[in-house]
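Single-structure report; data block below.
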Amino acid sequence: MGRAIIAAIDERDDLHLSGVWVRDAQAAAALPVPAAVQVSADLDRVFDAADVIIDFSLSDATSQVVATAVRQQKPLVCGVSGLDDEQIGRIDAASAVIPVVYDCNMSQGIAVLERLIRQAATTLGMEFEVEIDETHHVHKKDAPSGTALKLGAAVAEARDQPFAAVRWYAPEATTAKPAAGDIRFEVERRGDVYGDHTVSFASATERLAFSHSVTSRRVFAAGALRAATWISTQAPGRFDMADVLFHKT
């Protein structure tokens, strides 16, 4: 993702890449950045020149990134997936001091999809069964994906259901078949698919489906840059891509 963000910033006249955090000198040498850009393994040095921080690092680095953003009072856009409850808690704590956009999927299309399925779930109600199908590349380890779970949680919230109680995914399920009202997940891992998601609402007489496909990882970079531009003028708080696109605050 780092390279995609660098390339996306390079195409913008209103944004400037101030620095890149890297693990070591070898990683720094491989990056296509101008000589004037700060490239360092020292997080504080990289943050010094920045107005907004964008984090797509690994989950085990996120706590350090969040702590440094708080210490330097810099707005933070975080798109790292697979964070545990403790790490999410640190983001929540940070949002009391700095503005934070956190979303496991920075795609603008997914934010629109989430809004649409909330409306569908509220309107159609419990008479319609819900299934969420997702496909990703063979190297993706978590299943269902964070995005699929995000969409499922949106449906459950819209139908006033406890998501943990109605989430049904065969490898983890305690029942052979989903019960009435359960939100069913189907997962496929193949090829180098960046991410396909379909949310279906089905009754005995009709079926309504909403789909989203990613054709390039740069979609996440585009969303992150839109989030960075938006959050630069916000007060402290925790936001997601729906806030960025629809300005719920």
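Segment Arg189..Asp142, full-extension length gain: 15.9 nm, with 0.36 nm per residue of separation and the alpha-carbon distance subtracted. For Ala96, project a label point 7 Å along Cα to C-beta. Then give me every residue of segment 38-70 with its amide nitrogen under 16 Å of that point. Counting backbone N atoms under 16 Å from the label point, the list is 67, 70. Other residues whose C-beta falls under 14 angstrom from the C-beta of Val70 contribute a net charge of +1, scoring Lys and Arg +1 and Asp and Glu -1. Counting every pair of alpha carbons in segment 1-107, the share spaced more than 18 Å apart comes to 48 percent. Our estimate of slack between Arg3 and Asp60, defined as 0.36 nm per intervening residue step minus the Cα-Cα distance, is 18.5 nm. The modelled label-to-label distance between Ala36 and Asp13, using points 7 Å beyond Cα along the C-beta direction, is 1.7 nm.
Annotation for segment 208-229 versus segment 48-65: alpha-carbon center distance of 20 Å.
Please compute, over every Cα-Cα pair in segment 46-190, the percentage with a separation greater than 27 angstrom. Result: 33 percent of Cα pairs exceed 27 Å.
For segment 108-213, compute Rh as the Kirkwood radius over C-alpha pairs and then the Stokes-Einstein diffusion coefficient at 25 °C and 0.890 mPa s; write the answer in µm²/s, rounded to an integer. It diffuses with D of about 176 µm²/s by this estimate.
The order of Thr229, Thr198, going from fewest to most other C-beta atoms within 10 Å of their C-beta, is Thr229, Thr198.
Once label points are set 7 Å from the Cα along Cα→Cβ at both Ala164 and Gln73, what is their separation, rounded to one decimal in nm? Distance between the two pseudo-spin positions: 3.8 nm. Once you keep just the Cα pairs under 8 angstrom separated by 6 or more residues, what percentage relative contact order results for the chain? Here the relative contact order equals 23 percent. Counting DSSP beta bridges with both partners in the chain, what percentage is antiparallel, nearest 5? Of the beta bridges lying entirely in the chain, close to 40 percent run antiparallel.
Relative to the compact globular guide of 2.2 N^0.38 Å, what is the alpha carbon radius of gyration of segment 50-136, as a ratio? Relative to the rule-of-thumb radius for its length, segment 50-136 sits at 1.36.
Each pair of Cα atoms in the chain enters the Kirkwood radius, and Stokes-Einstein at 25 °C and 0.890 mPa s then converts it into a translational diffusion coefficient of 127 µm²/s.
Bear in mind these aren't lab numbers, they're just calculated from the coordinates by the rules spelled out. These numbers were taken from a predicted model, which means no experiment stands behind them. Cβ: placed from backbone, ideal geometry, glycine included. Neighbour counts: every protein chain shown.
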